[in-house]
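The values are calculated or read from the model by the stated rules, or taken from the named source; none is laboratory data. The model shown is predicted, which means the values in this text are computed figures rather than measured ones. Counting neighbours? That spans all protein chains shown, and the Cβs are built from the backbone with ideal geometry, glycine included.
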Amino acid sequence: MLKIVTLGGSDSAKSINKKLAVYAANKIKNATVTVVDLKELGLPMFGIDEETANGIPKNAHKLNRQIQTCDGLVISLAEHNGCYSVAFKSVFDWLSRIDGKVWQNKPMLLMGTSPGARGAKTVIGIALAGFPRLGGNIVADFSFPSFEDNFSDNKITNAELEAVLDSKIKLFEKKLLSSV
């Protein structure tokens with residue numbers, strides 16, 4: 001059984017990126033899915049003063065161990081003003097203090113969605129450029145536009161987008177199976 005860690009790149013209780021990430025991860029055959037909720041991690045905002053005063057939070061170490069022991073990652077990034085959300089960036093920064101290769105070369109399906117037609121393309125581009133230098137083994141990426149128009153009742157309602165996602169998941173599954 002494959003072990004997948006998935007997270008949405010925002011701490012919103014109604015995160016559309018978490019919904020998309022969980023949906024995609026649950027389509028992976030023969031996999032158990034661990035959903036990481038950034039809000040539940042409860043990490044303080046990263047800063048050197050915080051780290052000096054209190055050390056690296058236990059939940060950052062817990063997430064790092066989850067990444068170490070998983071077979072693959074499904075991450076869907078929220079785009080806030082063209083960048084990562086503050087919540088995701090802070091988690092990402094804490095993880096980098098534990099291991100500079102944050103993503104530990106685990107196969108990754110990288111996604112993003114937004115209410116708009118660009119589907120978080122800007123933040124996906126930032127991650128595509130930066131994650132590989134930090135241990136990101138991005139097997140496939142997927143931009144999902146206009147979330148409210150194309151996703152309802154916990155599923156994708158646009159057949160074309162569903163087919164694209166399915167093709168990305170097949171690439172991801174193939175890499176996962178060759179890595180274990």
Open item on the list: Please verify whether Lys170 is in contact (Cβ under 8 Å) with a residue 60 or more places away in the chain and either out of contact with any Lys or Arg (no Cβ under 8 Å at 6 or more places or on another chain) or assigned to a helix (DSSP H, G or I) (or both), treating the condition exactly as stated.
Closed with: no
Open item on the list: For region 167-180, which positions are of a type in the set (A, V, I, L, M) and either loosely packed, with under 13 Cβ neighbours inside 10 Å or over 15 Å from Ala21 (Cβ atoms) (or both)?
Closed with: Leu171, Leu176, Leu177, Val180
- [ ] Scan region 152-166 for residues that are surrounded by 12 or more Cβ atoms within 10 Å (Cβ to Cβ) and not in a loop (DSSP other than H, G, I, E, B) and jot them down.
- [x] Ile156, Leu161, Glu162, Val164, Leu165, Asp166
Open item on the list: For the list (1) in contact with a Gly (Cβ under 6 Å, 6 or more places away or on another chain); (2) closer than 26 Å to Thr157 by Cα, I need the number of the one condition that Ala25 fails.
Closed with: (1)
Task: Among the residues listed as Val35, Val5, Val74, the single one being at negative phi, within 11 Å of the chain's Cα centre (by Cα) and surrounded by fewer than 19 Cβ atoms within 10 Å (Cβ to Cβ) - done: Val35
TODO: Please give the number of the condition Ile124 fails out of (1) surrounded by fewer than 22 Cβ atoms within 10 Å (Cβ to Cβ); (2) under 25 Å from Glu173 (Cβ atoms).
DONE: (1)
TODO: Looking for whichever is among the hydroxyl-bearing types (Ser, Thr, Tyr) and under 21 Å from Arg133 (Cα atoms) here; the options are Thr34, Thr69, Thr52. Which one fits?
DONE: Thr69
Open item on the list: Consider region 53-82. How many of its residues are under 19 Å from Asp11 (Cβ atoms), among the polar types (S, T, N, Q) and modelled with pLDDT of 95 or more?
Closed with: 4
